Amino acid sequence: MQSSMSFIASMVIFGTIGAVVRYINLPSGEIALFRGFLGILFLLPFLLINKTDRFGKYLNANIKVLFVSGFALAGNWILLLNAFKHTTIALAVVSYYTAPVMAMVMSIFVLKEKISPFKLLTVLLTLAGMFMVMNVGDNDISSQKNLIGILYGLSAAFCYALVMLLNKFIRNMDGLETTVPQLFFATVVLFLYVIFADEMYPIYQSGLSLILLVVLGIVHTGAGFLFFFSGMKGLKTQEIAVLSYFDPLVSVFISLFIFNESMNVIQSLGAILILSTTLFNVVNWRKLRSLVTG
């Protein structure tokens, strides 16, 4: 029960990121930079307490993959934050949640994994759902902004799918040992990005922005990942797959009922199709049934 509650807590925390970002009056690159920096400060003591003598050895062995995945993570954060700034939280999250299907498609070409007819069907249904979500209505400025936000969400999903794929090549390192170096490399990349993109603005320009920036780094990155890894240790794969849906559900709830953001009928059906097919894709229903029946 404690593992389930820790994992659900992490999903609820991640699901509120879009709401917090809405009130941070800073460019996406700078938000992502300070999120990574504060996340490292929070997680580093836990890594130092729990690290073993083998950590340095395996860190060196996986350093190239960790760097590339950190680079992809930096892109993921910037693109997702831009998605939140351009479209509704619900549409940003739903488009972002195509990442597992993208990772599955990538694994076919990179890892030479075979795809079953059922998996192929889930890919096609996800694509259909995405076309429905991209139905933004009239060709006005608001609709065009929504479409740009959805495209940002899809690009963020691609980067996250790349992180998921690269993590398969990391050996002998647990979640915390992997995440801290990834955050470090992502933060370095983000620092260079905000310098060259001229996105570094004074963070003291808004008291609320500064407070929420700290919350985003400490709570939504540091504590969120800590709860995530703590919960994963006591859960089975199928339980993790099902409980992961608290993240998009919380985001969609906040979008529709707190921010009063709307989706048209076609977009709503597309969102349901994407989330449903992703769930069917990641869950082994036979194993799940055995867990429920004992």
- For the stretch 27-106, which helices (runs of 4 or more DSSP H) that fit wholly inside it have 1 or more residues that are at pLDDT 90 or above, surrounded by 22 or more Cβ atoms within 10 Å (Cβ to Cβ) and not acidic (Asp, Glu)? 28-50, 63-86, 89-96
- Tell me, yes or no, whether the stretch 154-174 has at least one residue that is in a helix (DSSP H, G or I), in contact with a Lys or Arg (Cβ under 9 Å, 6 or more places away or on another chain), within 27 Å of Ser95 (Cα to Cα) and open to solvent by less than 30 Å² (accessible area, probe 1.4 Å). no
- Boolean, Lys112 is at positive phi and either in contact with a Leu (Cβ under 9 Å, 6 or more places away or on another chain) or open to solvent by 20 Å² or more (accessible area, probe 1.4 Å) (or both): yes
- Residue in the stretch 267-279 that is open to solvent by 30 Å² or more (accessible area, probe 1.4 Å), modelled with pLDDT under 90 and at negative phi present: yes
- Examine the stretch 239-250 for a residue that is outside any helix (DSSP H, G or I), modelled with pLDDT of 80 or more and under 30 Å from Leu47 (Cα atoms), and state whether such a residue exists. yes
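Conditions (1) in contact with a Pro (Cβ under 9 Å, 6 or more places away or on another chain); (2) among the small types (Gly, Ala, Ser); (3) under 17 Å from Gly70 (Cβ atoms), marked per residue:
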residue	(1), (2), (3)
Val133	no, no, no
Tyr152	no, no, no
Ala156	no, yes, yes
Ala161	yes, yes, yes
Glu177	no, no, yes
Ala186	no, yes, yes
Glu199	yes, no, no
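Conditions tested, residue by residue: (1) touching a residue at least 60 places away in the same chain (Cβ under 8 Å); (2) among the hydroxyl-bearing types (Ser, Thr, Tyr); (3) in contact with a His (Cβ under 9 Å, 6 or more places away or on another chain).
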position: Ile150; (1), (2), (3): yes, no, yes
position: Ser155; (1), (2), (3): yes, yes, no
position: Phe158; (1), (2), (3): no, no, no
position: Arg171; (1), (2), (3): yes, no, no
position: Ala197; (1), (2), (3): yes, no, no
position: Met200; (1), (2), (3): yes, no, no
position: Val219; (1), (2), (3): yes, no, no
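Quick grid of which residues meet (1) open to solvent by 70 Å² or more (accessible area, probe 1.4 Å); (2) within 21 Å of Ala92 (Cα to Cα); (3) modelled with pLDDT under 90; (4) of a type in the set (Gly, Ala, Ser):
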residue	(1), (2), (3), (4)
Val136	no, yes, yes, no
Asn146	no, yes, yes, no
Pro181	no, no, no, no
Val189	no, no, no, no
Met200	yes, no, yes, no
Ile203	no, no, yes, no
Thr221	no, yes, no, no
- Query: So, of the residues in the stretch 251-266 that are of a type in the set (A, V, I, L, M) and open to solvent by 30 Å² or more (accessible area, probe 1.4 Å), which turns out to be nearest to Ile89 (Cα to Cα)?
  - Reply: Leu256
- Within the stretch 10-26, count every residue that is closer than 19 Å to Tyr97 by Cα and either out of contact with any His (no Cβ under 9 Å at 6 or more places or on another chain) or open to solvent by less than 10 Å² (accessible area, probe 1.4 Å) (or both). 7
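The values are calculated or read from the model by the stated rules, or taken from the named source; none is laboratory data. Since we're looking at a predicted model, the values are computed, not measured. All Cβ positions, glycine included, derive from the backbone under ideal geometry; neighbour counts span all protein chains shown. The protein model used for the area step is the full one, side chains on, heavy atoms only, and it has no ligands, DNA or RNA in it. Shrake-Rupley method; radii C 1.70, N 1.55, O 1.52, S 1.80 Å.
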